[in-house]
Amino acid sequence: MASSTDPAAHNSFTDFNREEMTRLADDVRSLQRTNQDLSARNTKLAEMLKSSRDKLSMMYQQLEDMAQPPSLYGTFLEMSTDGTNAEIFAGGRRMRVAMSPMLCAGDLMPGVQVRLGEGNQILEACDYEQTGDLATLMEMIGRDRALISDRSGEERVVKLAGPLMDRTRKLPRPGDTLLVDRRAGYAFENIPKTEISKLALEEAPDVSYADIGGLDNQIELIQDAVELPFLHPEMYRAYNLHPPKGVLLYGPPGCGKTLIAKAVANSLSQRIGEAGTSYFINVKGPELLNKYVGETERQIRVIFERARELAGDGRPVIIFFDEMESIFRTRGSGISSDMETTVVPQLLAELDGVEDLSNVIVIGATNREELIDPAILRPGRLDIKIRVQRPNRSGARDIFARYITDAIPLAAPVDELIDTAVAHLFTPRPYVRLTLIDGTVETLNYHDFVSGAMIANIVDRAKKSAIKDHIDGRTTGLSAEHLIHAIDQENQQSEDLPNTSNPDEWTKIIGRQGKRVTHAEVVQ
């Protein structure tokens, strides 16, 4: 019989216990894995149930919304005095309605669109109106109201909505175009219109007197008229002399009228020193014309209003009207549609309004000065009249010197090229034969119609021919032959341009008002 302390029995018992514990540990780990799997499935089922519940709730909400009547919209006007109700404009009538307790009162700004519930209570605040009628702001009434005018001329007073009342933005100014709801009586937005920005270039042009040739006398006259009052205002005050309100530059086309006006603005900008830059508002006459009644007059008012605003900081402002005769014709002439009967008085009123503004001057340019209304040209409005004439030999030489310089490739010295070009340009060549009323015959030559623009075109033609010859390897640089050929080409292309059907026009061209031209004939 084995002893109880038999080592073999003890080892067998120990092995059994170890195996049993290993088996139990494996069972525990298996149960833990099963529990984790079941827990993960339970979590997924819970998420699916929640998602299904949310979708079901959303479907119920959609069904309820579909069962609701359609929402109305209105314009919020103001809060009631007790702060519990609101004044709105909806359906063509003004109403006092209740507000939803869930609505934030801070979202209700004057003019904002609001959504109404079944009982016309305000449910939510939406955006501002983005479509509607356009009207022109005539003047501000306080800070929150404005006087507007539509295209038909009807005036009314409206309130400014939230965006226009923003303290961080500028208030609308007269001449601005506003988006309005006339029935609600609110203006919502300042609509930027581009016509004034197209008409007015408010930077000083990059043109100097050195770029203009053959017009020294005219430049001196306009410097005396325009620049002296700006550069020496104390002298004008000492002599009790008022600076001129306006200057008229007149003469044949292409002779430098527009260049002179631009050079004046540039010269002022450079010479006023610490006062800053000058402003040059370039107004093209034909672009002011508008088919709507009163629109042209409005744009003139806006231009002068802008000039007054810019001149408020003490800097010079030049308003330049190019092709002035196109809109300021003589009233009652019957030449146009009598539009000038209202446009001319508008300009006269603005010119008289410039009297107290020492920093604004009007410069007009035209090649048909006889068509401009005399009331505009009288002293006290356009005081100074400067005739810009066609260049003579000396002036033509000066203009050629602006374009033919040592900076470009030349086949001969500059002076030799210019002398050759001027001599050939002013060689007598019959152009038009005119018969006067007294029977005398007068012949005009090609050089009688020389202009600065013509000389610039001749040089451009010559340069192009020089480039072609340079590419082909025939010559290098601008030569006298190129200039002579360019002059002949310019004259040849001008043969069919004169109008021989209206002899009265030639009376003005030759400058003999006492002798009328009865017949004009191009010399072949």
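Some values worked out for this structure:
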{"read-out": "Contacts under 7 angstrom Cβ, first residue in the stretch 266-294 being part of a helix (DSSP H, G or I), partner modelled with pLDDT under 70 and open to solvent by 30 Å² or more (accessible area, probe 1.4 Å), 6 or more apart", "value": "Asn266/Ala204; Ser269/Ala204; Ser269/Thr277; Glu287/Lys198"}
{"read-out": "Qualifying positions in the stretch 70-91 - open to solvent by 80 Å² or more (accessible area, probe 1.4 Å) and of a type in the set (A, V, I, L, M, F, W, C)", "value": "Leu72"}
{"read-out": "Of all residues making up the stretch 124-134, the number that are more than 17 Å from Gly185 (Cα to Cα) and surrounded by 15 or more Cβ atoms within 10 Å (Cβ to Cβ)", "value": "2"}
{"read-out": "Among residues of the stretch 449-476, those that are in a helix (DSSP H, G or I), at pLDDT below 85 and open to solvent by 60 Å² or more (accessible area, probe 1.4 Å), counted", "value": "0"}
{"read-out": "Qualifying positions in the stretch 28-65 - among the charged types (D, E, K, R) and at pLDDT 80 or above", "value": "Arg29, Arg33, Asp37, Arg41, Lys44, Glu47, Lys50, Arg53, Asp54, Lys55"}
{"read-out": "Filter result for Thr427 (outside any helix (DSSP H, G or I), out of contact with any His (no Cβ under 7 Å at 6 or more places or on another chain) and at pLDDT 90 or above)", "value": "yes"}
{"read-out": "Test: residue in the stretch 383-399 that is surrounded by fewer than 17 Cβ atoms within 10 Å (Cβ to Cβ), in a helix (DSSP H, G or I) and on the phi < 0 side of the Ramachandran plot", "value": "yes"}
{"read-out": "Any chance Glu189 is assigned to a strand (DSSP E or B), modelled with pLDDT under 85, surrounded by 15 or more Cβ atoms within 10 Å (Cβ to Cβ) and at negative phi", "value": "yes"}
{"read-out": "Residue check for Arg397: under 14 Å from Gly213 (Cβ atoms) and charged (D, E, K, R)", "value": "yes"}
{"read-out": "Criterion violated by Ile404 - all others in (1) out of contact with any Leu (no Cβ under 6 Å at 6 or more places or on another chain); (2) at pLDDT 90 or above; (3) surrounded by 17 or more Cβ atoms within 10 Å (Cβ to Cβ) satisfied", "value": "(1)"}
{"read-out": "When residues of the stretch 203-231 are limited to those that are modelled with pLDDT of 85 or more and part of a loop (DSSP other than H, G, I, E, B), the one surrounded by the most Cβ atoms within 10 Å (Cβ to Cβ)", "value": "Leu215"}
{"read-out": "Residue list for the stretch 150-164, filter: assigned to a strand (DSSP E or B) and surrounded by fewer than 16 Cβ atoms within 10 Å (Cβ to Cβ)", "value": "Glu155, Arg156, Val157"}
{"read-out": "Candidates Gln299, Gln346 - the one that is farther than 30 Å from Asn217 by Cβ and either open to solvent by less than 10 Å² (accessible area, probe 1.4 Å) or modelled with pLDDT of 85 or more (or both)", "value": "Gln299"}
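Results for (1) out of contact with any helix residue (DSSP H, G or I) (no Cβ under 8 Å at 6 or more places or on another chain); (2) closer than 20 Å to Ile303 by Cβ; (3) at pLDDT below 80, shown as yes or no for each residue.
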| position | (1), (2), (3) |
| --- | --- |
| Glu234 | yes, no, no |
| Asn240 | yes, no, no |
| Leu249 | no, yes, no |
| Cys255 | no, no, no |
| Val264 | no, yes, no |
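The values are calculated or read from the model by the stated rules, or taken from the named source; none is laboratory data. Predicted model, so just to flag it, every value in this text is computed and none were measured. Cβ atoms come from the backbone with ideal geometry, glycine included; neighbour counts cover every protein chain shown. Side chains are part of the model used for accessible areas, which takes the heavy atoms of the whole protein and leaves out ligands, DNA and RNA. Shrake-Rupley method; radii C 1.70, N 1.55, O 1.52, S 1.80 Å.
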